[in-house]
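To start, the structure under review is shown below, and the notes come after it.
The values are calculated or read from the model by the stated rules, or taken from the named source; none is laboratory data. Predicted, not measured: the structure shown is a model, and the values here were computed from it. Glycine gets a Cβ as well: all are built from the backbone with ideal geometry, and neighbour counts include every protein chain shown. Remember, those area values only see protein heavy atoms, side chains included, never the ligands or the DNA or RNA. Shrake-Rupley method; radii C 1.70, N 1.55, O 1.52, S 1.80 Å.
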Number of protein chains: 2
Amino acid sequence: MNGAPASAAPRVADADFARRLGAAAAEVEAALDALLPAAAEGPVAEAMRWAALGGGKRLRAFLALESAALCGAPRQGALRAAAAVECVHAYSLVHDDLPCMDDDDMRRGRPTVHVKWDEATAVLAGDALQALAFEILAAPETGPAEARAALCAALAQAAGARGMVGGQALDIAAQTAPAPLGLEEITRLQALKTGALIRFAAVSGALLAGDADAARALAAYADALGLAFQIRDDILDVEGDAAQMGKRVGKDDAAGKATFVSLLGLDGARRAAEERARAAEAALAPFGAAAAPLAGAARFAVERRS
Amino acid sequence: MNGAPASAAPRVADADFARRLGAAAAEVEAALDALLPAAAEGPVAEAMRWAALGGGKRLRAFLALESAALCGAPRQGALRAAAAVECVHAYSLVHDDLPCMDDDDMRRGRPTVHVKWDEATAVLAGDALQALAFEILAAPETGPAEARAALCAALAQAAGARGMVGGQALDIAAQTAPAPLGLEEITRLQALKTGALIRFAAVSGALLAGDADAARALAAYADALGLAFQIRDDILDVEGDAAQMGKRVGKDDAAGKATFVSLLGLDGARRAAEERARAAEAALAPFGAAAAPLAGAARFAVERRS
């Protein structure tokens, strides 16, 4: 009889996930370093490097690389897709941190771009990072023309008014709304604001390989994963330690903003996150054991401490 | 003996140019109306429509349509390239007008986006217009995958840190520089800030048709045309009438900013503009009479009153 609870088993998969996440981060960092304009080109180039290099978990890069590995797409194209999605993520943070948006002066323990330089440089560095993402994807080095065009189309949709920007607009509107958002609204907001880019990253390898079935399965995985991540973020915003998070915590609560925790309570949010993580894992079933690294990301999403 | 000076001949080409420019404007307006998100989608969508519809000469759209006609590329793809370049142009104006940039409250006789809505909406509408441009180019309706990828790559380069954004950054740096810019610096600034996007528009038809020789000739044409346009803008800024221009005039002079007029004098600037217009016309030689509409744009660039 097997008396040990499953959670006491040695977490080989978790250790492997941590190793692969770290390797993806190092690899995309080197790729970005080579793809970004040199700091000597001026303050906008410096600010682009400040925003895009040296920070973050690189979850989106990891998803792009693992998606490509799973679908048999070449590593070079995958690395370029990973760099492109990290450029868009970095641009969104630079613009979100602006005084007219979330007005944040620190990010990953460092001054934000408009604090270190000025607002004009932050607007322009964000704009240029978005353009660079498409430049990276569209270049012949990324892969066959069909894949490059598909990647550009998917990233543009994920980043635009019906994706990330649309989610940010909903978030800003919620700050002055008469009542906090409900569960359905906050779920939709997050699916756009952070989910769309996570979905692009997870699908990018399938687009590179031209595998439409894999793209569908990975989109379902990513949608569940993105929500699991966001719910866990809301939990950490309440429970977390500022030094470990590298940014202000308890901020959402102080702002009277609806979160998954304010709507579901801490235990309810934990259950919802776990449910989303399991849905993400279930979406990977068609890939079998080969999808273990992506399944590891779903576990990480709900168990991480920062 | 032919006693009449050439300039007294009836200006059939000019009338034809004006007609074609107006037709291109109407056609791209309809295309943008269909491609932009509906106003009902929210304030960012409304602001995108406000910024991209109902204004401007639509020179870039005209260049894209005529470039495609000259190179034998299908009209549908050309119209999408025209819409995409107008989206990027519109986004650049929205961000340039922000308080932290040029701080303009009027554009084409109407309040700018951050005045009509707010700064956050202006940042987001600009961001979404850039994404939409790539979404339009990358969609299958634009043409073969090879052409779509080439268009995305060219637009990304034209819009990014080594193109339009780079030019805007130089412009902002010049405002706090100890001395006004010299002729070489202002030429480089303008070649980036406005020239790069004009070049993309003029080359887009050749990219759609996959004609590398035409792309080279059209790039040379566009580089000369862009400078002719900018020099004429500087002349109109001194001579123009605010009502006709639809924006503040005499502004550059008041700001102690170097312009082609401050560097060359009015007569010198007129000569330089004429020289660039002739260079643009000369670059069209390989195309023969078929390039008459594009030659008309070069004439228009230096003879327009607004």
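Out of the range B:75-106, which residues are in contact with an Asp or Glu (Cβ under 6 Å, 6 or more places away or on another chain) and more than 13 Å from chain A (Cβ to nearest Cβ)?
Correct list: B:Asp104 only.
Quick check on the range A:297-306: of everything there that is part of a helix (DSSP H, G or I) and touching a Leu at 6+ places or on another chain (Cβ under 8 Å), which residue is nearest to A:Gln230 (Cα to Cα)?
A:Ala301
Of the residues that sit in the range B:119-130 and are more than 7 Å from every other protein chain (Cβ to nearest Cβ) and more than 20 Å from the chain's Cα centre (by Cα), which one is nearest to B:Cys87 (Cα to Cα)?
B:Ala122
Mind counting the residues in the range B:31-53 that are within 30 Å of B:Ala295 (Cα to Cα) and open to solvent by 60 Å² or more (accessible area, probe 1.4 Å)?
1
Kindly check whether there is at least one residue in the range A:86-109 that is assigned to a helix (DSSP H, G or I), open to solvent by 10 Å² or more (accessible area, probe 1.4 Å) and over 18 Å from A:Gln168 (Cα atoms).
Within the range A:86-109, not a single residue is assigned to a helix (DSSP H, G or I), open to solvent by 10 Å² or more (accessible area, probe 1.4 Å) and over 18 Å from A:Gln168 (Cα atoms).
Please state which of the following conditions B:Gly72 fails to meet, knowing it meets all the rest: (1) more than 12 Å from every other protein chain (Cβ to nearest Cβ); (2) touching a residue at least 40 places away in the same chain (Cβ under 8 Å); (3) touching a Pro at 6+ places or on another chain (Cβ under 7 Å).
Looking at each condition in turn, B:Gly72 falls short on (3).
In the range B:146-165, how many are open to solvent by less than 10 Å² (accessible area, probe 1.4 Å) and within 7 Å of another protein chain (Cβ to nearest Cβ)?
Selection size over the range B:146-165: 6.
Let me spell it out: the conditions are (1) away from every other protein chain (no Cβ under 14 Å); (2) at pLDDT below 95, and A:Glu27 meets all of them except one. Which number is the exception?
(2)
Consider A:Ile186 against the criteria (1) more than 13 Å from chain B (Cβ to nearest Cβ); (2) closer than 20 Å to B:Met48 by Cα: it satisfies all of them except one. Which criterion is unmet?
Against the list (1) more than 13 Å from chain B (Cβ to nearest Cβ); (2) closer than 20 Å to B:Met48 by Cα, A:Ile186 comes up short only on (2).
What about A:Ala201, is it within 8 Å of another protein chain (Cβ to nearest Cβ), within 30 Å of A:Ala38 (Cβ to Cβ) and not acidic (Asp, Glu)?
Taking the combined requirement at face value, the residue does not satisfy it.
Out of B:Gly268, B:Gly288, which single residue is surrounded by fewer than 23 Cβ atoms within 10 Å (Cβ to Cβ), modelled with pLDDT of 95 or more, within 30 Å of B:Pro178 (Cβ to Cβ) and of a type in the set (Gly, Ala, Ser)?
Going through B:Gly268, B:Gly288 in turn, just one is surrounded by fewer than 23 Cβ atoms within 10 Å (Cβ to Cβ), modelled with pLDDT of 95 or more, within 30 Å of B:Pro178 (Cβ to Cβ) and of a type in the set (Gly, Ala, Ser): B:Gly268.
Mind listing whichever residues of the range A:218-241 are under 16 Å from A:Ala206 (Cβ atoms), open to solvent by 30 Å² or more (accessible area, probe 1.4 Å) and more than 13 Å from the chain's Cα centre (by Cα)?
A:Ala220
Output the residues belonging to the range B:136-145 that are under 15 Å from A:Ala154 (Cα atoms), in contact (Cβ under 8 Å) with a residue 12 or more places away in the chain and open to solvent by 10 Å² or more (accessible area, probe 1.4 Å).
Of everything in the range B:136-145, those that are under 15 Å from A:Ala154 (Cα atoms), in contact (Cβ under 8 Å) with a residue 12 or more places away in the chain and open to solvent by 10 Å² or more (accessible area, probe 1.4 Å) turn out to be B:Ala139, B:Glu141.
Pick from the range B:166-177 the residues that are free of Cβ contacts under 8 Å to residues at least 12 places away in the same chain and over 17 Å from B:Leu263 (Cβ atoms): which of them is nearest to the other protein chains (Cβ to nearest Cβ)?
B:Ala169
Being closer than 27 Å to B:Leu98 by Cα, more than 7 Å from every other protein chain (Cβ to nearest Cβ), open to solvent by less than 20 Å² (accessible area, probe 1.4 Å) and in contact with a Ser or Thr (Cβ under 8 Å, 6 or more places away or on another chain) is the requirement here; does A:Ala133 meet it?
In short, no.
Hey, among B:Ala78, B:Ala82, B:Ala69, B:Ala64, which residue is small (Gly, Ala, Ser) and surrounded by fewer than 24 Cβ atoms within 10 Å (Cβ to Cβ)?
After applying the criteria, what remains is B:Ala69.
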